[in-house]
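Here the structure is laid out as structure tokens; the discussion comes afterwards.
Just so it is clear, none of the values below were taken in a lab; they were calculated from the coordinates. Everything numeric here is computed off the predicted structure, so don't read it as measured data. Cβ placement follows ideal geometry from the backbone for every residue including glycine, while neighbour counts extend to all protein chains displayed.
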Amino acid sequence: MTADDRQLISARATGISVGSNMFSCRIPFCSYKRIASRVKRSLRQGRASCRGFTLIELLVALVLLSLMFALLTSSLGFGTKLWSDHEQDSAQASHVMVVEGLLRRLLSEARPVAETATKGAPWHIKFSGDKNSVKFTAPMLERFATGGFYEIDIRTAQGDRSANKIEMSWSLPKQSGKKMNAVLFEGNVKLEFAYFGSQKVGEPPRWQGDWSYQRTLPELVLVRLTLGGRRWPDLLVAPKVQSINLIQPPTDF
């Protein structure tokens, strides 16, 4: 270090003017204090800007995250419920369509088989129906029984815990002890029947709640289904065979 350098450093420390052949300057001692205070202040501000979260801020963030999670969970649950309800409605609609197809097939194939309660008594068609049940003779589907005419009985029965169920049974004539059964619907279900036709000669046809001991089949059979509080469209079926000549009465008539 030269003598000029030492003289310059001493002058800066004491705030004395220094002259040389290159430059001349005067640095007050108070300027160093201002610079030092500014540096300290900037350092404090930097530390303040880098400080962590307070407890209140953390609590607010946790509450907001909890609300977002609750909304997301409720949305997922709502979507899952909609999907489940849609699948349940689709399955129910498919089951109703299958059962209605079965009823349409059987009722349309009803046969006017004649019978009599006792020998010598007036004969009538083996078709007995009221508001809650219907019994008739028709060929059964192959997947349920072998060929031939069967006595088919569709009725509302009492199920478990005050629930209703719609049952169908079928058996060969004069073999009622060997009935086969199937449950068509179960739960909050209601099945109603109505019959359109004329029960007396000269009487105009009309809808009636009972069709028993008649010599003809009804012209139309109405089936009304209410399942789970929902009423499904009415089913109208017209028996294809109306002439008694197609089924001969027993020889003891």
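Have a look at region 106-246 and give its Rg and Dmax from the Cα atoms, expressed in angstrom.
In Å, with Rg to one decimal and Dmax whole: 15.7, 48.
With the crude spin-label approximation of a point 7 Å out along Cα→Cβ, what separation in nm comes out for Ala61 versus Thr146?
Using points 7 Å along Cα→Cβ, the separation is 8.1 nm.
Can you sort Trp170, Trp83, Trp123 by how many other beta carbons sit within 10 Å, fewest first? Let's see the in-between values first.
Working: Trp170 20, Trp83 10, Trp123 15.
Final ranking by Cβ density, sparse to dense: Trp83, Trp123, Trp170.
Measuring from label point to label point, each 7 Å out along Cα→Cβ, what is the Thr54 to Arg34 span in nm?
3.5
Only counting other Cβ atoms within 10 Å, I'd like Glu203, Glu219 sorted with the fewest neighbours first. Mind dumping the intermediate values first?
Working: Glu203 9, Glu219 13.
Exposure proxy ranking, most exposed first: Glu203, Glu219.
Treat each spin label as a single point 7 Å out from the Cα along the C-beta direction, and report the Ala238 to Leu172 distance in nm.
Here the modelled spin labels are 3.5 nm apart.
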